[in-house]
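Data block below; observations after.
The values are calculated or read from the model by the stated rules, or taken from the named source; none is laboratory data. This is a predicted model, so every value here is computed, not measured. Because the Cβ atoms are built from the backbone with ideal geometry, glycine has one as well, and the counts that use them run over all protein chains shown.
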Amino acid sequence: MATAPNLDHPTLPLVKAAFPDTKFLASEFRGDTTLAVPATDLHKVMRFLRDDSQCQYNFLSDVTAVDYLGYPSKMPARFAVVYLLTSYPHNRRLTVKVFLDPSIDTSGIEPDPTLEVDSVCDIWPGAEWREREVYDMFGIRFINHPDLRRILTWKDYPAHPLRKDYPLRGRGEREMYKVMKRDAT
């Protein structure tokens, strides 16, 4: 017998009261609460979650992304940027997601203008390298990021390897990569 999700996380009513015109989605799985925020409202909601005295999510433990291509159940969009927040003063955790849908074919290398979201580096400086990793691996750009460039692949890498439409064997990058000998300068 399925039970209704337990959405009694103390942060949810605070966010809804602070942003009454914003349409949120909330879910709970195995005791972890996830709040889905529209991309246009992400920055102000994240600032609220950090600065409000009843929230105080003062630690951003991770920023990552998910590609839901081929996912067995219906998702709001193909990609999600995922933020894992911790409030040490209140001993709470909250996952925040932003769903993004591509507007062009994602198997190419051209940037998609819809795959972008505001950076939270000005709220949590530790987000800088994590956002760079999401950019490098998924091609999601962060507006107002102080140094948005690739971090795990080389500058001219021709794709975003954690997208599910990227071939497992790559597109010949290994074969084209110039091997350097140890004694080369």
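Brief remarks follow.
- When the residues of region 65-85 are filtered to those that are of a type outside the set (A, V, I, L, M) and part of a loop (DSSP other than H, G, I, E, B), the one that is nearest to MET46 (Cα to Cα) is PRO76.
- Against the numbered list (1) modelled with pLDDT of 95 or more; (2) part of a loop (DSSP other than H, G, I, E, B), THR114 comes up short only at (1).
- Given (1) more than 19 Å from the chain's Cα centre (by Cα); (2) in a loop (DSSP other than H, G, I, E, B); (3) surrounded by fewer than 14 Cβ atoms within 10 Å (Cβ to Cβ), index of the condition HIS9 fails: (3)
- Whichever residue in region 111-148 is basic (Lys, Arg) and either more than 17 Å from MET46 (Cα to Cα) or free of Cβ contacts under 8 Å to residues at least 12 places away in the same chain (or both) and, among such residues, is surrounded by the most Cβ atoms within 10 Å (Cβ to Cβ): ARG132
- Only one of the numbered conditions (1) farther than 13 Å from LEU94 by Cβ; (2) surrounded by 12 or more Cβ atoms within 10 Å (Cβ to Cβ) is not met by CYS55, and that is (1).
- Among the conditions (1) buried (at least 18 other Cβ atoms within 10 Å of the Cβ); (2) among the aliphatic types (A, V, I, L, M); (3) in contact with an Asp or Glu (Cβ under 7 Å, 6 or more places away or on another chain), ALA80 misses just one, which is (3).
- Filter pass, ASP52 being modelled with pLDDT of 95 or more and of a type in the set (D, E, K, R): yes
- Total residues in region 86-110, condition crowded, with 16+ Cβ neighbours inside 10 Å and part of a loop (DSSP other than H, G, I, E, B): 2
- Selection from region 9-48 of residues that are closer than 22 Å to TRP124 by Cβ and either acidic (Asp, Glu) or in contact with a Gly (Cβ under 9 Å, 6 or more places away or on another chain) (or both): ASP32, ASP41
- For region 117-155, residues that are touching a helix residue (DSSP H, G or I) at 6+ places or on another chain (Cβ under 8 Å) and in a loop (DSSP other than H, G, I, E, B) total 15.
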